[in-house]
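A short reminder: the numbers here are calculations on the coordinates, not readings from a lab. Computed from a prediction, not measured in an experiment: that's the story for all the values here. Counting neighbours? That spans all protein chains shown, and the Cβs are built from the backbone with ideal geometry, glycine included.
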Amino acid sequence: MMDKRTFLRTGLLATATAALNPFKLFANSNQTEIINEETFDFLADGPFTLPDLPYQFNALEPHIDATTMEIHHGKHHAKYVSELNLAVEKMAYKSMKIEQVVEAVKPAETKVRNNGGGHLNHSMFWKMLRPGESGMETGRIGQLLNTKFGSMDKFKEQFNTAATARFGSGWAWLIVNPQGGLVITSTANQDNPLMKNVVGKDYGYPILGLDVWEHAYYLKYQNRRPEYIGAFWNIINWDEVNKNYEAGMKKFGKRV
Ligand SMILES: [Fe+2]
């Protein structure tokens, strides 16, 4: 007999692309993504929960449109949380904080790796953005980036290159490494720089991240990923980046 979850999944799959008009562009661009991620509305209860967005869906317009934000948060992020709850049901991870889960996960623990990473990446990402034109940072982290990369424009150029060059789905990051250095890196899929068993020498604390999965930009920008990356610089919450920098330095026992 079909359980509730299987029933819901089957029913939703049967009516998927026809019923969900806003997702047609996703369907055209990446059929696998819509089947796997957009049509599954069953949400499993568990220790991990979907955080609220700290602003309205339309707050980041014109840079990121309201529909993208609604689907990204309410469907994609929600799905990572739900799948993570199912994955950890019988594991010690269920009593850990998400940062601890991500830090401890092993490469072969695929479900926890993908969904745990997806949950933490998006939880951090929402807070790294904010409404209004933010301009380039001139505070503490701005000074450090100027020193490290030569200028904010040069930092931006290198970060953009990491985001553009990430093949397929993934993230571009600015991290603090265990030596207290600022490093630009990128990860595939939903890997997070805190996954020390996965990312090896690129291990560090993420202080700024950009989601370059198609689901983050396709409705507005279609295949123009560089345009989306350019728009990102207008909506960065630099206060949050500074806070993340302090948290990263503290984690690695470094003075700010
Ligand atoms: Fe995403």
Residues whose modelled amide H sits under 5 Å from the amide H of Ser134, counting only those 5 or more places away in sequence or on another chain, are Ile235, Ile236
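Going by a ≥ b ≥ c, the root eigenvalues of the Cα gyration tensor, does segment 43-184 fall in the rounded group (a/c under 1.5), the prolate group (a/b larger than b/c) or the oblate group?
On the way: a/c = 2.20, a/b = 1.42, b/c = 1.55.
Oblate, since a/c reaches 1.5 and b/c is not below a/b.
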For segment 103-119, just list the computed ³J(HN,Hα) in residue order, Karplus coefficients 6.51, -1.76 and 1.60, θ = phi - 60°, integers in Hz, with x standing in for Gly and Pro.
-> 5, 9, 4, 9, x, 7, 7, 4, 5, 5, 4, 5, 7, x, x, x, 5
In straight Cα distance, which lysines are under 20 Å from Lys127, not counting same-chain residues fewer than 8 positions off?
-> Lys75, Lys79, Lys97, Lys156, Lys243, Lys250, Lys251
Apply 1/(1 + (r/R0)^6) to the Cβ-Cβ distance of Lys250 and Met136, taking R0 = 30 Å, and write down the FRET efficiency to the nearest 0.05.
-> 0.75
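Give me the extension gain from Thr67 to Thr110: residue separation times 0.36 nm, minus the current Cα-Cα distance, reported in nm with one decimal. Each step should come with its number before you reach the end.
Values: separation 43, 0.36 × 43 = 15.48 nm, distance 2.94 nm.
Answer, rounded to one decimal: 12.5 nm.
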Cα gyration tensor category, rounded, prolate or oblate, for segment 140-251 with a/c compared to 1.5 = oblate
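Based on other C-beta atoms within 10 Å, arrange Lys127, Lys243, Lys106, Lys201 from fewest to most. The partial results should precede the final answer.
Details: Lys127 17, Lys243 14, Lys106 11, Lys201 8.
The order, fewest Cβ neighbours first, is Lys201, Lys106, Lys243, Lys127.
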Could you give the distance between the Cα centres of segment 98-139 and segment 181-203, to the whole Å?
-> 11 Å
